[in-house]
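Step one of this worksheet: look at the structure below.
The values are calculated or read from the model by the stated rules, or taken from the named source; none is laboratory data. What you are looking at is a predicted structure, and each value in this text was computed from that prediction instead of being measured. Reconstructed Cβ throughout: ideal geometry from the backbone, glycine too, with neighbour counts over all protein chains shown.
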Amino acid sequence: MISDYGLPTADSCLPADFKKAIEIAEKVFKELPTFVKIGLSEKEVAQKIRSALKKHGAKKEAFRIIVASGKNSTKIHGFAGRRKIKQGDIVMFDFGALYNTFRSDITRTYIIGKPTKKHKKIWALLLKAQKGAIEKIKAGTSCKVVDLTARAIIQRAGHGENFIHSTGHAVRHKIHEYPRIRSKSRGVLKEGDVITIEPGIYIKGWGGMRVEDMVLVTKRGYRVLTRLPQTLTLNPSPRGRGT
């Protein structure tokens, strides 16, 4: 997990409902091993996520839930379909909670079972790119600088053409707000902005991986609001396979 930088009370200005939206999503991510089963379809897993979000107090999901397994993970917005999850799959989960009027947005990519060397290499690269981008964040910084920092790290590793979307966006009452964290942005970060940092690599015929966390912009730096571990392996509960 990336360390925080900035004022010790940097998130004290966040509304309690905003914090709650993040907490609910994190709780459901932590519960994934209990209801992700080999043999269940992406749609079935998405429905379980939807139910769990509501169980923990969300009004509903913050946006259409993404569960993208296997080669479906190469789709940036791989909305849940009929494909069934298999042992060894890459599975990308991108979802959040709507709590009152506030929304959260988190992405994790997991391997069902044991990751390969390539899985580990791509994941480590994404975490490095995310860390580099986050460390550029503070009030007054150009959004373009944040994006280009992540992009340069991925480019140097030979995957520039596989990073095919912007690095992030602001989120609060809507899931995509301004400023946008992209290479041609003219925006500048302001104290109190909450943005996502979400580098991704998508390789045709292999799969895609993305990591996304929410970050508060402070006067002197940033505070990472997401407290979810960035682990790569997801081992489904041994209680049985999906039917």
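Here is a list: Ala62, Ala124, Ala52. Which entry is touching a strand residue (DSSP E or B) at 6+ places or on another chain (Cβ under 7 Å) and of a type in the set (Gly, Ala, Ser)? Walk me through how you get there before you give the answer.
Working: Ala124 fails: touching a strand residue (DSSP E or B) at 6+ places or on another chain (Cβ under 7 Å); Ala52 fails: touching a strand residue (DSSP E or B) at 6+ places or on another chain (Cβ under 7 Å).
Going through Ala62, Ala124, Ala52 in turn, just one is touching a strand residue (DSSP E or B) at 6+ places or on another chain (Cβ under 7 Å) and of a type in the set (Gly, Ala, Ser): Ala62.
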Problem set entry | Checklist (1) over 25 Å from Ile24 (Cβ atoms); (2) surrounded by 15 or more Cβ atoms within 10 Å (Cβ to Cβ); (3) not charged (D, E, K, R) applied to Gly205, failing item | (2)
Problem set entry | Close pairs from the range 98-109: first under 18 Å from Leu216 (Cβ atoms), partner assigned to a strand (DSSP E or B) and hydroxyl-bearing (Ser, Thr, Tyr), Cβ under 6 Å, at least 6 apart | Asp105/Thr196
Exercise. Does Thr196 satisfy being in contact (Cβ under 8 Å) with a residue 12 or more places away in the chain, closer than 25 Å to Val91 by Cβ, outside any loop (DSSP other than H, G, I, E, B) and polar (S, T, N, Q)?
Worked result: yes
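So that you can scan it fast, the table gives a plain yes or no per residue for (1) free of Cβ contacts under 8 Å to residues at least 12 places away in the same chain; (2) in a strand (DSSP E or B); (3) β-branched (Val, Ile, Thr); (4) surrounded by fewer than 17 Cβ atoms within 10 Å (Cβ to Cβ):
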residue	(1), (2), (3), (4)
Leu148	no, no, no, no
Ile201	no, yes, yes, no
Met214	no, yes, no, no
Arg227	no, no, no, yes
Exercise. What residue, among those in the range 150-187 that are of a type in the set (Val, Ile, Thr) and in a loop (DSSP other than H, G, I, E, B), is surrounded by the most Cβ atoms within 10 Å (Cβ to Cβ)?
Worked result: Thr167
Exercise. Being closer than 20 Å to Leu98 by Cβ, at pLDDT below 95, among the aliphatic types (A, V, I, L, M) and crowded, with 16+ Cβ neighbours inside 10 Å, is that true of even one residue in the range 13-30?
Worked result: yes
Exercise. When you go through (1) at pLDDT 95 or above; (2) within 18 Å of the chain's Cα centre (by Cα) one by one for Ile76, which number turns out not to apply?
Worked result: (1)
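Give Ile137, Ile112 a once-over and let me know the one that is surrounded by 15 or more Cβ atoms within 10 Å (Cβ to Cβ), touching a Pro at 6+ places or on another chain (Cβ under 9 Å) and not hydroxyl-bearing (Ser, Thr, Tyr). Reasoning before the result, please.
Values: Ile137 fails: touching a Pro at 6+ places or on another chain (Cβ under 9 Å).
That would be Ile112, the only listed residue that is surrounded by 15 or more Cβ atoms within 10 Å (Cβ to Cβ), touching a Pro at 6+ places or on another chain (Cβ under 9 Å) and not hydroxyl-bearing (Ser, Thr, Tyr).
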Exercise. From the list Lys84, Lys131, Lys75, which one is surrounded by fewer than 23 Cβ atoms within 10 Å (Cβ to Cβ), over 29 Å from Ile38 (Cα atoms), in contact (Cβ under 8 Å) with a residue 60 or more places away in the chain and not aliphatic (A, V, I, L, M)?
Worked result: Lys131
For this session: Test Ile49 against the criterion of being touching a residue at least 12 places away in the same chain (Cβ under 8 Å) and either crowded, with 18+ Cβ neighbours inside 10 Å or in a helix (DSSP H, G or I) (or both), and give yes or no.
Result: yes
Exercise. Which one of these is polar (S, T, N, Q), without any contact (Cβ under 8 Å) to a residue 40 or more places away in the chain and more than 30 Å from Gly88 (Cβ to Cβ): Ser183, Ser142?
Worked result: Ser183
Exercise. Quick check: anything in the range 150-160 touching a Lys or Arg at 6+ places or on another chain (Cβ under 7 Å) and among the β-branched types (Val, Ile, Thr)?
Worked result: yes
